[in-house]
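Chemist: Before I ask anything, let me first share the structure, which is written out below as structure tokens.
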Amino acid sequence: MQKIESKGINFYYGETQALHNVSLSMKENSVTALIGPSGCGKSTYLRLLNRMNDLIDNTKMTGSILIDGQDIYEKNTNVDDLRKNVGMVFQKPNPFPKSIFENVAYGLKVNGITDKKTIEERVITSIEQVALWGEVKDKLKKSAFELSGGQQQRLCIARALAIQPSILLMDEPTSALDPISTSKIEELIYELKKQYTIVIVTHNMQQAGRVSDTTAFFYMGELIEYDKTKTIFTKPSQKQTEDYITGRFG
Amino acid sequence: MLSSAATSITVVLIVFFLFIEGAGVFSKKPIEEGFLLAVHASNPINKLEPSQVKDIFDQKITNWKQLGGKNEPIVLFRTEDITEFYSEEELGENFEYFPAKIDEYVSKTPGVIAFFSDKYKAKDFHGKELEINKIKIFEFLSGEEWFPTAQPIAQMGVKALIYGTLWVSFGAILLALPIGLAAAIYLSEIAKKRTRNILKPLIELLAGIPSVVYGFFGLVVIVPLIQSVFGLPVGETGLAGSIVLAIMALPTIITISEDAMRTTPRAMKEASLALGASHWQTIYKVVIPYSASGITAGAILGIGRAIGETMAVLMVTGNAAIMPHTLLAPLRTIPATIAAELGEAANGGLHYQSLFALGCILFLITFCINMLVELVTNRGSHKKH
Ligand SMILES: Nc1ncnc2c1ncn2[C@@H]1O[C@H](COP(=O)(O)OP(=O)(O)OP(=O)(O)O)[C@@H](O)[C@H]1O
Ligand SMILES: [Mg+2]
């Protein structure tokens, strides 16, 4: 069974259709890269997977998305629980205006975990998971804004991991970061793959090549090609894909 | 830079003037100028507090021993009482024998306390003029009686007015804050865009209505309502003032808090929701903390309007200068007092200056509130950066 399975998705912002009949499935513990020119619908698709688009007024979706075989757009889906299972990391680091510790503890607290010891353990484990522990262990009480951009982004990943999701969505997680921070996060993604199913949007072809197992190429709201990353980058079957990854595009 | 300096200087000058004028109260005796109080020469009492004089003339104190004097009933005497003791011929056609007769009367009445004009004081007056203490700041603040034009001695206790102001304002904020906050949350987080686009301008419009109109509304709608709901003899109560003020403060509180809530970055809200927080948890844990300083600012401006508000309150609170023990009784606020009395107070007189002193108190109250807010919001914003 596929971890994520989307079938025939059409998505509309008001009158404008942003996704056309997209069908895409991802295996458990794999990394899938979503690539394509700006405005092609990558973020839109990604945000459908944790129902983040619900927040936008006047949108409509047809088709279905199954996670672990469950239709997440079914009437009686608990969206909060869904989002607990499907973590998300955003393009720009967006820590809360709270301490480093509180940032990671936030998800635990809103999910009803009150035991101080459990919270502390999970916070520490998550920060260790993103290889940030050494850098912040002495200033957990300090504001998260005192961290560098790269550290903030890793903190945001730790925050997402703390509630133990099984899927991690990342929307251009390194686009605001320097090369060193970027490579740290790429290493991290490689590590996380063992436990999580990861979907990552990226504009960086090398990055897609380095971190992902499969790659989906979107163009103008359509899924043009979806295959093993190696195949997409060496012998794509579609002309548009080839043009895009070789940079002869837009 | 220059304009802000000019503004600051102007404000400082205004405050300075206010305080100079207000401080005049404490350098004056509360007895009307040109009048004096006298007792029998053998009376051991030399000095009285303003409040004691009042109690004597109100006949709450009827024997000198209550004041530490001899056991002697107090006999009140005012200038006009002289006609009870002497005939018109004895007093003279042009009252030329007034001084002599008053002197005579005081001399033969051991328990007397006489209040009369300086010009009727005989050259060789045999009585003893009483010293009256100046009004002390403490008395001014703690006195519960506000009779600034009372004879023979003005009563300048502002405690009832301060309490009246605080009660009404506090009641108003208690009503307005939860409602305003709820409305702001509804507008910024829950209402559909269309609903919001209709409601927001309407609410903003409410802020522009003159306070007299709110006063009328209060008088016609709220006052009778309170009277019938609580079965009171009069509906003009502190509660009516609080409600009217709350209604007046609401647009300010709603608009400012709502604006603040809408500045909550979308990224913050999405971060919270993406972690499985519910909509309400996100409002409570992200939106409200993020806009806390804006909400406080809205509340303060609301309170500011409430505390300084004059007209509407004047119209619905009944204006009784008595210590409020419940919001269901008439009371009187500082601004209403100033507005109602300044017109009839003689320029530069004691009453006039006491109203300025009231103004100083009002200024200090609002100043303290603002400082408090500054403290609170600073602590809030410190966390943000
Ligand atoms: N909130 C919105 N309201 C209306 N239209 C939107 C909204 N968000 C995105 N769109 C439109 O939907 C289309 C797809 O946008 P999307 O953000 O998914 O693109 P993207 O592939 O993520 O682009 P980028 O690489 O620049 O992030 C675009 O044409 C965009 O203008
Ligand atoms: Mg995008």
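Chemist: Of the residues B:Pro99, B:Pro110, which single one is surrounded by 11 or more Cβ atoms within 10 Å (Cβ to Cβ) and touching a residue at least 60 places away in the same chain (Cβ under 8 Å)?
Modeler: B:Pro110
Chemist: Restricting to region A:187-208, give me the number of residues that are over 16 Å from A:Glu5 (Cα atoms), crowded, with 18+ Cβ neighbours inside 10 Å and away from ligand 1 (no atom under 16 Å from the Cβ).
Modeler: Residues flagged as over 16 Å from A:Glu5 (Cα atoms), crowded, with 18+ Cβ neighbours inside 10 Å and away from ligand 1 (no atom under 16 Å from the Cβ) within region A:187-208 amount to 3.
Chemist: Conditions first: (1) at pLDDT below 85; (2) not in a loop (DSSP other than H, G, I, E, B). B:Leu174 passes all but one, so which condition is the exception?
Modeler: (1)
Chemist: Please specify each residue of region B:134-143 satisfying the condition of being surrounded by 15 or more Cβ atoms within 10 Å (Cβ to Cβ) and within 30 Å of B:Pro99 (Cα to Cα).
Modeler: Step one: filter region B:134-143 for residues surrounded by 15 or more Cβ atoms within 10 Å (Cβ to Cβ), giving B:135, B:139-140, B:143.
Result: B:Ile135, single match.
Chemist: Right, something else. What is the residue count in region A:45-71 for residues that are touching a Gly at 6+ places or on another chain (Cβ under 8 Å) and within 12 Å of ligand 1 (Cβ to nearest atom)?
Modeler: So the answer is 2.
Chemist: Okay, moving on. Hey, can you tell me all the residues within region A:155-169 that are out of contact with any Ser or Thr (no Cβ under 8 Å at 6 or more places or on another chain) and either farther than 16 Å from A:Thr197 by Cα or among the aliphatic types (A, V, I, L, M) (or both)?
Modeler: Let us first name the residues in region A:155-169 that are out of contact with any Ser or Thr (no Cβ under 8 Å at 6 or more places or on another chain), namely A:155-157, A:160, A:163-165, A:169.
Listed by number, the residues that qualify are A:Leu155, A:Cys156, A:Ile157, A:Ala160, A:Ile163, A:Leu169.
Chemist: So which residues in region B:44-82 are among the polar types (S, T, N, Q) and either part of a strand (DSSP E or B) or within 30 Å of B:Ser27 (Cβ to Cβ) (or both), if there are any at all?
Modeler: B:Asn46, B:Ser51, B:Gln52, B:Asn63, B:Gln66, B:Thr79
Chemist: State all residues of region A:223-250 that are within 16 Å of ligand 2 (Cβ to nearest atom) and open to solvent by 70 Å² or more (accessible area, probe 1.4 Å); if no residue qualifies, say none. If you could, list the steps in order and put the result at the bottom.
Modeler: The first filter runs over region A:223-250 and keeps only residues within 16 Å of ligand 2 (Cβ to nearest atom), leaving A:223, A:244, A:250.
A:Gly250, the sole residue that qualifies.
Chemist: Another question, then. With A:Glu102, A:Glu120 as the choices, which residue is more than 8 Å from every other protein chain (Cβ to nearest Cβ) and under 21 Å from B:Tyr290 (Cβ atoms)? Full working, then the answer.
Modeler: Numbers: A:Glu120 fails: under 21 Å from B:Tyr290 (Cβ atoms).
Exactly one residue qualifies, and that residue is A:Glu102.
Chemist: Taking B:Ser278 as the residue in question, decide whether it is out of contact with any Lys or Arg (no Cβ under 9 Å at 6 or more places or on another chain) and in the same structural domain as B:Leu250 (by TED's automatic domain parsing). Write out each step before concluding.
Modeler: Numbers: out of contact with any Lys or Arg (no Cβ under 9 Å at 6 or more places or on another chain): yes; in the same structural domain as B:Leu250 (by TED's automatic domain parsing): yes.
Taking the combined requirement at face value, the residue satisfies it.
Chemist: Tell me which residues, restricted to region B:266-306, are touching a residue at least 40 places away in the same chain (Cβ under 8 Å), within 18 Å of A:Ile56 (Cβ to Cβ) and either within 8 Å of another protein chain (Cβ to nearest Cβ) or open to solvent by less than 10 Å² (accessible area, probe 1.4 Å) (or both).
Modeler: B:Ile283, B:Val287
Chemist: Determine if region B:254-264 includes at least one residue that is within 11 Å of chain A (Cβ to nearest Cβ), open to solvent by 30 Å² or more (accessible area, probe 1.4 Å) and closer than 16 Å to A:Leu55 by Cα. Before the answer, list the steps.
Modeler: Restricting attention to region B:254-264, the residues satisfying the condition of being within 11 Å of chain A (Cβ to nearest Cβ) are B:264.
Those still in the list that are open to solvent by 30 Å² or more (accessible area, probe 1.4 Å) too: none.
No, every residue in region B:254-264 fails to be within 11 Å of chain A (Cβ to nearest Cβ), open to solvent by 30 Å² or more (accessible area, probe 1.4 Å) and closer than 16 Å to A:Leu55 by Cα.
Chemist: Return yes when A:Arg83 is within 16 Å of ligand 1 (Cβ to nearest atom), within 13 Å of chain B (Cβ to nearest Cβ) and within 19 Å of the chain's Cα centre (by Cα) and no when it is not. Explain how you work it out, then say what you get.
Modeler: Numbers: within 16 Å of ligand 1 (Cβ to nearest atom): no; within 13 Å of chain B (Cβ to nearest Cβ): yes; within 19 Å of the chain's Cα centre (by Cα): yes.
No, not satisfied.
Chemist: Which one of the conditions (1) modelled with pLDDT of 95 or more; (2) under 28 Å from A:His203 (Cβ atoms) does A:Ile100 fail to meet, given that it meets all the rest?
Modeler: Tallying (1) modelled with pLDDT of 95 or more; (2) under 28 Å from A:His203 (Cβ atoms), A:Ile100 fails exactly one: (2).
Chemist: Of all residues in region B:150-196, which are in contact with a Pro (Cβ under 8 Å, 6 or more places away or on another chain) and open to solvent by 20 Å² or more (accessible area, probe 1.4 Å)? Talk me through it step by step, then tell me what you get.
Modeler: Looking only at region B:150-196, we keep the residues that are in contact with a Pro (Cβ under 8 Å, 6 or more places away or on another chain), and these are B:153-156, B:160, B:163-165, B:167.
Passing the criteria: B:Tyr163, B:Trp167.
Chemist: Do we have B:Thr337 as open to solvent by less than 60 Å² (accessible area, probe 1.4 Å), away from chain A (no Cβ under 14 Å) and modelled with pLDDT under 90 here? Show your work before the answer.
Modeler: Values: open to solvent by less than 60 Å² (accessible area, probe 1.4 Å): yes; away from chain A (no Cβ under 14 Å): yes; modelled with pLDDT under 90: no.
Here the answer is no, as B:Thr337 does not meet what is asked.
Chemist: Let me ask something else about it. So which residues in region A:145-182 are over 18 Å from the mean Cα position of the chain (by Cα), surrounded by 15 or more Cβ atoms within 10 Å (Cβ to Cβ) and either modelled with pLDDT under 90 or within 11 Å of chain B (Cβ to nearest Cβ) (or both), if there are any at all?
Modeler: A:Phe145
Chemist: Out of region B:292-323, which residues are under 24 Å from B:Gly143 (Cβ atoms) and β-branched (Val, Ile, Thr)?
Modeler: Looking only at region B:292-323, we keep the residues that are under 24 Å from B:Gly143 (Cβ atoms), and these are B:307-308, B:310, B:313-314, B:317-323.
B:Ile307, B:Thr310, B:Val313, B:Thr317, B:Ile322 - these are the residues of region B:292-323 that are under 24 Å from B:Gly143 (Cβ atoms) and β-branched (Val, Ile, Thr).
Chemist: Is it true that some residue in region A:132-154 is within 21 Å of A:Asn29 (Cα to Cα), more than 16 Å from ligand 2 (Cβ to nearest atom) and not in a loop (DSSP other than H, G, I, E, B)?
Modeler: Taking region A:132-154 as the starting set, the residues that turn out to be within 21 Å of A:Asn29 (Cα to Cα) are A:154.
Checking the rest, the ones that are also more than 16 Å from ligand 2 (Cβ to nearest atom) come to A:154.
From the residues that got through so far, the ones that are not in a loop (DSSP other than H, G, I, E, B) too are A:154.
Yes, that holds for at least one residue.
Chemist: Another question, if that's okay. If you scan region A:1-36, which residues turn out to be open to solvent by 30 Å² or more (accessible area, probe 1.4 Å) and within 15 Å of ligand 2 (Cβ to nearest atom)?
Modeler: Listed by number, the list holds a single entry, A:Tyr13.
Chemist: Looking at (1) surrounded by fewer than 20 Cβ atoms within 10 Å (Cβ to Cβ); (2) within 14 Å of chain B (Cβ to nearest Cβ), can you tell me which one A:Asn50 breaks?
Modeler: (1) is the only condition that A:Asn50 fails.
Chemist: Would you point out which residue out of B:Met311, B:Met371, B:Met323, B:Met315 is touching a residue at least 24 places away in the same chain (Cβ under 8 Å), open to solvent by 50 Å² or more (accessible area, probe 1.4 Å) and hydrophobic (A, V, I, L, M, F, W, C)?
Modeler: Of B:Met311, B:Met371, B:Met323, B:Met315, the one residue that is touching a residue at least 24 places away in the same chain (Cβ under 8 Å), open to solvent by 50 Å² or more (accessible area, probe 1.4 Å) and hydrophobic (A, V, I, L, M, F, W, C) is B:Met311.
Chemist: Against the conditions (1) more than 14 Å from chain B (Cβ to nearest Cβ); (2) crowded, with 21+ Cβ neighbours inside 10 Å, where does A:Met88 fall short? Just the number, please.
Modeler: (1)
The values are calculated or read from the model by the stated rules, or taken from the named source; none is laboratory data. Only a predicted model underlies this, so the values are computations on that prediction, with no experimental measurement involved. Note that each Cβ is placed from the backbone with ideal geometry, even for glycine, and that neighbours are counted across all protein chains shown. Side chains included, ligands, DNA and RNA excluded: accessible areas come from the protein's heavy atoms. Shrake-Rupley method; radii C 1.70, N 1.55, O 1.52, S 1.80 Å.
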